[in-house]
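A.B. asks: Mind having a look at this structure? Questions to follow.
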């Protein structure tokens, strides 16, 4: 690890002493202080209860970008299951009275809403792949209720 500047050393000690920052910043500051003190990676990993590769990554990142290495770079996570227009469609359906959509009840429940949404979103996906994506969710919603839409066959029981 490169030598710490006075400012970096003070900032790292401040983070470790106060402990009021996030646990990720605290642990990374501990790793860097321990490394600056001459400890080896396996000892540091045991001290902060982290994997040795994690300790090495934090040290290498600190050498490259300084104290900014204390802040986590969170990845995007799992890809969304619904596209924004699908989400708009679900919200619009949920805020519309069931009787206006041809359903025989006056209030939505999770079970009642899942059946029509499941049918309509499957139809939307088939239609959206064959039509342009310029149609808004309200256009698709209106078309689903006014005209016959493409339906996917129900899964066969095996």
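Values in this text are rule-based calculations from the coordinates and carry no lab data. Because the structure is a prediction, the values reported are computed rather than measured. Backbone-built Cβ (ideal geometry, glycine too); neighbour counts: all protein chains shown.
A.B. asks: Which order do peptides 4-15, 94-105 fall in by mean Cβ count within 10 Å, highest first?
C.D. replies: Top to bottom by mean Cβ count within 10 Å: 4-15, 94-105.
A.B. asks: May I pose another question? So what is the orientation-averaged projected area of the range 1-42, using the convex hull of its C-alpha atoms, in nm²?
C.D. replies: Over every viewing direction, the Cα hull of the range 1-42 projects on average to 3.0 nm².
A.B. asks: Moving to a separate point now. Based on the mean of other beta carbon atoms within 10 Å per residue, what is the order of 52-59, 74-81, 85-92, 27-34, most packed first?
C.D. replies: 27-34, 52-59, 85-92, 74-81
A.B. asks: I've got another one for you. Can you give me the relative contact order of the range 7-102 as a percent, contacts being Cα pairs under 8 Å and 6 or more apart?
C.D. replies: 21 percent
A.B. asks: To the nearest whole percent, what portion of all C-alpha pairs in the range 1-99 is separated by more than 24 angstrom?
C.D. replies: Every Cα pair in the range 1-99 considered, those over 24 Å come to 39 percent.
A.B. asks: Here's another thing I want to ask about it. Averaged over all directions, how much area does the convex hull of the C-alpha atoms of the range 73-119 cover when projected, in nm²?
C.D. replies: Convex hull of Cα atoms, orientation-averaged projection: 4.3 nm².
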